[in-house]
Amino acid sequence: MSEDSHDYYIRYKNEIMDQFEKMVLVAAEVGQNHLSEETLSNLTRRSREELEALLPSLPYLGGKKSLSWALMLQSAQTLAFYKACKSVGMEVREFAQLMYEVGEAYYDSLSGIKKRMFRWMAFSGHMKQGWKRWAAETQRRQYPGDWVGEFVEGDGKSFDWGLNLVECGWLKLIGEHHAEEAAPYACLGDFIRMRALGVGFMRTQTRACGSPMCDFRFVRGYQTPRGWPPENLEEFKTRSQAEQD
């Protein structure tokens, strides 16, 4: 099997599915507030089936050594969950709200030790250098399905560091599966994760909402806003304005 084969993810199928199962179990619990027992059973089953079916076609982005590995797995999991929601008759807004609540429940359940460690790591030199190297590597555009980012040095006041993403692997993936309507809602996961972990995070625009880039900014001591309902976020206001124009 060649290193750049689309079957690369199959090598790690058990690991990937085990990780996804943790999220599925949370979805089964949270979904009781929204869905019938039969619908919820179908949803969780289809989620697993959809992710397993996606694995052979996911684009190779440099393997597990690349930070793009985690980004692509998150994208594939979200796409699988969206497809499953659609298969049981849920509208995109229903999918988005359920996904948001599942994400909140999952990250809130993490231990205090893990959250403190992540907060420390988020502003460490090691973390910043890692993303700086990743951004430089993506600018080579070696892998067509990858993200392309630019590292942004902060001033220590308005923000500590940031990333401008000018190409999005998530958008490329869902474009192949005609799931573009789910695009902006998946990006809310960044607010879920950073708020739950206590990491200051802000963003004013995303490519999913029609802007030319996604401007990630990490701010020490800042309270990340809740991302639901999304219309309160600056990036969704940009989307609404673009739709009006």
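Values in this text are rule-based calculations from the coordinates and carry no lab data. Model, not experiment: these values are computed from the prediction. Neighbour counts are summed over all protein chains in view; Cβ atoms, including those assigned to glycine, are modelled from backbone coordinates with ideal geometry.
How many residues, within segment 176-222, are within 24 Å of residue 144 (Cβ to Cβ) and part of a helix (DSSP H, G or I)? Total meeting the criteria: 12.
Screening residue 59 on (1) out of contact with any Leu (no Cβ under 8 Å at 6 or more places or on another chain); (2) assigned to a loop (DSSP other than H, G, I, E, B); (3) under 30 Å from residue 135 (Cβ atoms) shows it passes everything except condition (1). Restricting attention to segment 157-183, the residues that are more than 23 Å from residue 57 (Cβ to Cβ) and without any contact (Cβ under 8 Å) to a residue 60 or more places away in the chain total 6. Contact annotation: residue pairs with Cβ atoms under 9 Å, 6 or more positions apart or on different chains, pairing a residue in segment 56-68 that is closer than 14 Å to residue 168 by Cα with a partner that is assigned to a loop (DSSP other than H, G, I, E, B) and among the aliphatic types (A, V, I, L, M), are 68/61. Residues in segment 115-163 that are over 18 Å from the mean Cα position of the chain (by Cα), under 30 Å from residue 176 (Cβ atoms), aromatic (Phe, Trp, Tyr) and not in a strand (DSSP E or B): 143 alone.
Of all the residues in segment 95-135, those that are closer than 18 Å to residue 22 by Cα, of a type outside the set (Phe, Trp, Tyr) and surrounded by 15 or more Cβ atoms within 10 Å (Cβ to Cβ) number 8. The set of residues from segment 17-50 being in contact with a Leu (Cβ under 8 Å, 6 or more places away or on another chain) and buried (at least 16 other Cβ atoms within 10 Å of the Cβ) comprises 20, 27, 28, 30, 31, 35, 43, 50.
Rundown of residues vs (1) assigned to a helix (DSSP H, G or I); (2) of a type outside the set (Phe, Trp, Tyr); (3) farther than 21 Å from residue 49 by Cβ; (4) out of contact with any His (no Cβ under 7 Å at 6 or more places or on another chain), yes/no style:
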position	(1), (2), (3), (4)
74	yes, yes, no, yes
77	yes, yes, no, yes
81	yes, no, no, yes
84	yes, yes, no, yes
89	no, yes, no, yes
95	yes, no, no, yes
101	yes, yes, yes, yes
110	no, yes, yes, yes
113	yes, yes, yes, yes
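Exactly one residue out of 238, 224 is crowded, with 20+ Cβ neighbours inside 10 Å and among the polar types (S, T, N, Q): that is 224.
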